[in-house]
Each structure stands twice: as C-alpha cells, then as structure tokens.
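I have placed the structure first, in the form of structure tokens, so that the comments after it can refer back to it.
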C-alpha cells in the first residue's frame with residue numbers, strides 16, 4: 001500500500017481515506033464495509049484511528065496529523081506492508 005498522508009480528517013472522502021482504511025484494517029482495526037466502499041472517513045474510521053493513536057500514545061483526534069502519519073508509516077514499513085518506492 002502507499003504511504004499514509006497527513007491532513008486526512010473526519011468526513012473526508014477519496015483515495016487518501018481508502019489508503020488509510022486499508023492500513024488500519026491491515027493492522028487489525030475494524031472499519032465498516034459501507035465506509036470502506038465509499039472511501040468515506042466516518043465514525044468507524046474515526047474510532048479505528050483513535051484506537052491506533054491511543055495504542056501508540058498519540059493524542060487521539062479525528063484526523064491524521066504528521067505524528068500519526070509518521071507512526072502509521074513506520075508500523076506499516078516494519079510489517080513490510082508499504083509499497084517500495
């Protein structure tokens with residue numbers, strides 16, 4: 001998968017959200033099928049993101065800030081889930 005971008009917020013929609021959802025589900029966080037099909041950052045994506053942030057002692061928000069994106073990408077890289085550039 002592609003690296004996670006920062007500045008993804010609740011209620012966003014599109015490829016960046018789909019990539020975030022793929023990352024979170026690959027790490028074991030649950031997101032509703034409706035949100036994944038629509039590539040929509042709704043409540044279950046927000047809950048999954050908050051659980052990820054809390055598990056890495058990152059302030060839990062409804063957005064992917066630089067620290068969250070960096071941590072997500074480090075975890076994905078460690079698990080060899082990131083596309084090679």
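Derivation of every value follows stated rules applied to the coordinates shown; laboratory data play no part. None of the values given here were measured: they were computed from a predicted structure. Positions of Cβ are generated from backbone atoms using ideal geometry, with glycine treated the same way; all protein chains shown enter the neighbour counts.
Computed extension gain for residue 79 through residue 66, at 0.36 nm per residue and net of the alpha carbon distance, reaches 2.7 nm. Over the chain, Cα pairs under 8 Å with separation of 6+ residues give a relative contact order of 37 percent. Per-residue Cβ neighbour counts within 10 Å put 11, 29 in the sequence 11, 29, beginning with the fewest.
Taking only alpha carbon atoms, the stretch 44-85 gives an Rg to Rh ratio of 1.00, where Rh is the Kirkwood radius. When peptides 14-26, 52-64 are sorted by average Cβ neighbour count within 10 Å, with the highest value leading, the order is 14-26, 52-64.
The calculated FRET efficiency for the pair residue 32 and residue 2, based on their C-beta separation and a Förster distance of 25 Å, comes to about 0.70.
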